[in-house]
Amino acid sequence: MRVDLPDWTPRAPLHPLKLDWLARAGVDVAVLRLDVIDPLLSGNKWFKLKPYLQAAKAAGRAGLISLGGNHSNHLHAVAAAGARFGFATVGLLRGEPCETPTVRDLQAFGMQLHWLGYGGYRARHRADFWQPWLERYPALHPVPEGGGGLPGAQGCIELVDMARRQMAGLGWSDYHAWWLAAGTGTTLAGLVLGEAGQCPVYGALAVPDDHGVARRLTETFAAAGVADAGYHLLDASRGGFARVDAELATFMRDSEAGSGVHFEPLYTAKALLALRGQVDAGYFAAGTRLVFVHTGGMQGRRALQAKLDRLSSSAG
């Protein structure tokens with residue numbers, strides 16, 4: 001049996017984001033709600049994954065093998081897609097065996113798990129990393145961490161047209177820029193490729209600079225044969241990946257109450273908080289129209305909910 005591409009083309013709605021600080025500044029923001037396209041295959045993950053499924057089908061493979069952490073939205077999407085569309089999945093996990101809501105889901109979806117430890121996971125950037133795993137699972141097609149690389153970026157190009165088709169419904173004639181969280185930079189790269197220089201893309205880094213997002217973007221654009229331009233990166237990591245503090249937790253709580261949109265603290269809430277900082281500083285003039293990409297990841301919020309409640313309660 002080999003991978004077959006499902007006849008599934010999800011579409012995300014584009015909703016106005018109503019928050020007091022945006023209204024005061026006269027800045028209009030619309031959210032591309034990738035978080036609501038599907039209960040399990042939500043967010044940007046399916047769009048990054050689809051080109052790898054196409055490659056797996058072309059190579060006659062029976063499934064996918066990829067890697068991530070024990071809260072990985074990417075692995076969750078790979079495993080859920082395998083369970084729904086009937087192909088085999090293997091996950092290589094960072095660290096030692098443990099149980100999290102995500103890990104329980106991976107197991108329930110039928111993904112075969114291998115724990116690499118921390119040193120073994122750091123080796124993922126070595127040129128020979130995949131060799132023993134592909135010898136062990138020759139029928140599977142490898143997918144980089146997070147669905148990164150040029151194929152993953154190319155899968156996100158369609159998000160540009162998805163948003164443009166909904167401008168009239170907002171009463172907008174156009175928009176001035178994109179804003180989104182950047183973890184690997186793959187979705188950002190796809191938007192830059194789709195825009196082809198027409199509108200800038202702002203990436204709020206959910207990870208520190210040493211995670212190499214800028215380097216990966218340069219490599220992706222080089223592989224695509226286009227200029228390394230059309231985007232801006234700014235730090236939104238708050239000191240490290242997965243760092244959650246009282247200010248962020250309180251801001252997320254208040255933003256959800258004010259807008260009716262739910263966020264998660266590692267990517268989308270950090271990106272929105274970074275946007276507020278730029279708006280409050282006057283970076284965007286009144287009348288600016290921005291498209292904010294909700295990249296999903298809500299399944300990963302489960303393990304952090306108690307901490308979020310505690311932090312936001314302590315902050316008042």
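The values are calculated or read from the model by the stated rules, or taken from the named source; none is laboratory data. For clarity, every value in this text was computed on a predicted model and none was experimentally measured. So basically every Cβ, Gly included, is an ideal-geometry build from the backbone, and we count neighbours across all protein chains shown.
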Review point. Mind checking which residues of the stretch 161-177 are touching a strand residue (DSSP E or B) at 6+ places or on another chain (Cβ under 8 Å) and loosely packed, with under 11 Cβ neighbours inside 10 Å?
Key: Asp174
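Please find, within the stretch 207-229, the residue that is surrounded by the fewest Cβ atoms within 10 Å (Cβ to Cβ) out of those that are in a helix (DSSP H, G or I) and among the acidic types (Asp, Glu). Outline the logic, then answer.
Kept after step one, since they are in a helix (DSSP H, G or I), are these residues of the stretch 207-229: 209-211, 213-224.
Next, from what is left, pick out any that are among the acidic types (Asp, Glu): 209-210, 219.
Working: Asp209: 12, Asp210: 7, Glu219: 17.
So the residue we want is Asp210.
What number of residues within the stretch 93-108 satisfy the criterion of being closer than 17 Å to Gly119 by Cα and either touching a Lys or Arg at 6+ places or on another chain (Cβ under 8 Å) or part of a loop (DSSP other than H, G, I, E, B) (or both)? It would help to see each step written out before you state the result.
Of the stretch 93-108, the ones closer than 17 Å to Gly119 by Cα are 93-98.
This time we only want the ones that are either touching a Lys or Arg at 6+ places or on another chain (Cβ under 8 Å) or part of a loop (DSSP other than H, G, I, E, B) (or both), so: 94, 96-98.
Looking only at that region, the number is 4.
Quick grid of which residues meet (1) surrounded by fewer than 24 Cβ atoms within 10 Å (Cβ to Cβ); (2) in contact with a helix residue (DSSP H, G or I) (Cβ under 8 Å, 6 or more places away or on another chain):
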residue	(1), (2)
Val244	yes, yes
Glu256	yes, no
Gly260	yes, no
Tyr267	no, no
Lys270	no, yes
Ala274	yes, no
Gly277	yes, no
Leu290	yes, yes
Gly296	no, yes
Review point. Yes or no: Arg276 outside the structural domain of Asn70 (by TED's automatic domain parsing) and either assigned to a loop (DSSP other than H, G, I, E, B) or over 28 Å from Leu311 (Cα atoms) (or both)?
Key: no
Study note, to complete from the structure: Expected output for the stretch 109-126 (first residue under 13 Å from Gly91 (Cβ atoms), partner small (Gly, Ala, Ser) and assigned to a helix (DSSP H, G or I), Cβ below 6 Å, 6+ apart or cross-chain) is Phe109/Ala79; Phe109/Ala80; Phe109/Ala83; Gly110/Ala83; Met111/Ala79
